[in-house]
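What follows is a set of notes on a single structure, which appears directly below.
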Amino acid sequence: MEDSLKPMDAEQLREYGHKMVDFIADYYKSIENFPVLSQVKPGYLRELLPDSAPNQPETLQDVFEDIHRKIIPGVTHWQSPNYFAYYPSNSSTAGFLGEMLSAGFNIIGFSWITSPAATELEMIVLDWLAKMLKLPSEFLSSGQGGGVIQGTASEAILVVLLAARDKTLRKLGKKSLEKLVVYASDQTHSALQKACQIAGIFPENFRVVKADFNSNYAVTPEVVSEAISHDLSAGLIPFFLCATVGTTSSAAVDPLLELGKISKVYDMWFHVDAAYAGSACICPEYRHYLDGVEEADSFDMNAHKWFLTNFDCSVLWVKDRNALIQSLSTNPEFLKNKASQENTIVDFKDWQIPLGRRFRSLKLWMVLRLYGLENLQNYIRKHIRLADQFEHLITSDPRFEIMAPKTFSLVCFRLIPPADDLDNGYKLNYNLMDAVNTTGKIFISHTVLSGKFVLRFAVGAPMTEEKHIEEAWKVLQEQATYLLRRNQDMSQSSCLS
């Protein structure tokens, strides 16, 4: 039995830290040996672990063995090169090192005085990233706005919705709450709906505007204007419009410039959600997707999706920091200090929902420094080329069809159903997705577009190469062949009977 761990012993940390790094490095070396999607059944772990914590310390080796035998089988391997579901959630050596350093310092940087470096590094690094994205100068910390790291895009959109709500209510009075209306495409992430529920927006005033199939599932300005005009005539108050760059279902891009101008006409807060695709806009050839962002009041992207920064690191920029502060600031006696009272610094506690916050900018700082802009651009381009490769494979097989124009590194496709398929391929493609995921060789996810069940193939895992695209395609072809034959046999058997 090993000696008990001391609360913080430098030499124990060195010994155990080396073992943990070796364990994680070995995990990455062997990650392709595991089923990408966990194959366990609900409740599996309760049967494997004791029903109470140990009274005496156990060895680290015992813990490692349990991780191998009991934890890893229940892990879905997001960093696997064969992971193509949802959207990527990148890790990297630089991000991992930054996470280690953040854990080592373990500061709770809610105000400047609690760790000046945590606040100031965050401001500097988010200015760097804003310049890489060529965001308007109003989003820089040198002006009235600035950037702040949130946990997720869901938190970011809640924060700006609350700021927009309170800004409107200060002008029109609190009784106006029941008349406030939020507008978004039906392709907008469900996080906005949840934010509306938390913010007290009446459910019937969350206006979901149908995206246009002919505009590649982007929302059209005309339809938004029509909805706003209708609400104004009913005595309602339009106050918040959300646009998306890279929607969750199909990576569609809403027309920012036109929507931004509509927002200005009606004095609405205009938010741009680029959680997935914002990373690609550091490449000059994709920056045009942000044309019109100068009209936005706020802009968000997830560095933890496609930017080699370990979760969590969602970056939010606003043009008016005071709108956040007026909505979210508290000033209890036990948090008062000279620097804050003199208003000479930023306290990020007033830019977010929780009080506590981690030193997350270390991760992003290390990613930017250890990779550099050029390597990050090439990383994005590589995944887009791999998605192009997969799209070409899909179009080379007449049994499949592309269901939305490929944008960034997402391919939306399906297996074409037989003419007599009454549910138009829903069951067929669901079964295809289930079959390929059950193999454990790859993991894909789905959506519904224009009423059709659509398979999504999102390229973006850190270690994905051409061979993984080719292997994924073989799995899809094999399972498609099996399903089509089985369906044909069942159909023939039904006719004979």
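FYI, it's all coordinate maths here, none of it is from the lab. None of these values were measured; they are calculated from a predicted model. Glycine gets a Cβ as well: all are built from the backbone with ideal geometry, and neighbour counts include every protein chain shown.
Near residue 171: Cβ cut-off under 12 Å, other residues only, Lys/Arg at +1 and Asp/Glu at -1. The net charge is +2. Under the classification rounded if a/c is under 1.5, otherwise prolate if a/b is larger than b/c and oblate if not, where does the chain fall, given a ≥ b ≥ c as square roots of the Cα gyration tensor eigenvalues? Oblate shape, in that a/c is at least 1.5 and b/c is the bigger or equal ratio. Subtracting the Cα-Cα distance of residue 373 and residue 339 from 0.36 nm times their residue separation leaves 8.8 nm of extension gain. Take the Cα of residue 8, step 7 Å toward its Cβ, do the same at residue 20, and the gap between the two points is 1.4 nm. Using a cutoff of 8 angstrom between alpha carbon atoms and counting only pairs six or more residues apart, the relative contact order for the chain works out to 21 percent.
Fewest-first ordering of 271, 68 by other beta carbons within 10 Å of each residue's beta carbon gives 68, 271. A crude spin-label estimate for the pair residue 399 and residue 471, with each label 7 Å from Cα along the Cβ direction, gives 2.1 nm.
Spin-label pair residue 326-residue 229: with each label point 7 Å from Cα along the Cα-Cβ axis, the two points sit 3.1 nm from one another.
When the Cα positions of 281, 234, 244 are compared along the charge dipole of the range 220-288, 281 comes out farthest toward the positive end, with charges on each C-beta of Lys, Arg, Asp and Glu. Give the calculated FRET efficiency between residue 463 and residue 69 to the nearest 0.05, with a Förster radius of 22 Å applied to their Cβ-Cβ distance. With R0 = 22 Å, the Cβ-Cβ based efficiency is 0.35. Evaluated over the range 369-496, the count of Lys pairs having alpha-carbon atoms less than 24 Å apart is 15 (only pairs 8 or more residues apart or interchain). Taking 0.36 nm per residue of separation and subtracting the Cα-Cα distance, full extension of the segment from residue 257 to residue 487 would add 78.0 nm. DSSP assigns beta bridges within the chain; of those with both partners inside it, close to 60 percent run antiparallel. Dipole orientation for the chain: of the candidates 451, 33, 413, 451 has the Cα lying most toward the positive pole (charges on Cβ; Lys, Arg +1; Asp, Glu -1).
What net charge do the residues around residue 8 carry, taking every other residue with its C-beta under 14 Å from that of residue 8, with Lys and Arg at +1 and Asp and Glu at -1? All intermediate terms of the calculation are to be shown ahead of the outcome.
Working: positive: 6, 14; negative: 9, 11, 15.
Summing Lys and Arg as +1 and Asp and Glu as -1 gives -1.
Dividing the summed helix terms, -39500 (n - 2.57) for each DSSP H run of n ≥ 4, by the number of residues in the chain produces a 222 nm estimate of -13500 deg cm²/dmol to the nearest 500. Other residues lying with their Cβ under 13 Å from the Cβ of residue 184 contribute a combined charge of 0, Lys and Arg counting +1, Asp and Glu -1.
Compute the length gained on full extension between residue 39 and residue 212: take 0.36 nm times their separation in residues and subtract their Cα-Cα distance, giving the result in nm to one decimal.
So the chain would gain 58.5 nm between residue 39 and residue 212.
Loop only per DSSP, at most 15 neighbouring Cβ atoms within 10 Å: give me the trypsin sites (Lys or Arg not before Pro) in the range 172-250, ordered by residue number.
Those that pass, being in a loop and sparsely packed, are 210.
Take the alpha carbon gyration tensor of the range 108-358, find the square roots of its eigenvalues, order them as a ≥ b ≥ c, and report rounded if a/c is under 1.5; if not, report prolate when a/b exceeds b/c, else oblate. Verdict is oblate for the range 108-358. Counting neighbouring Cβ atoms within 10 Å and putting the fewest first, the residues 473, 317 line up as 473, 317.
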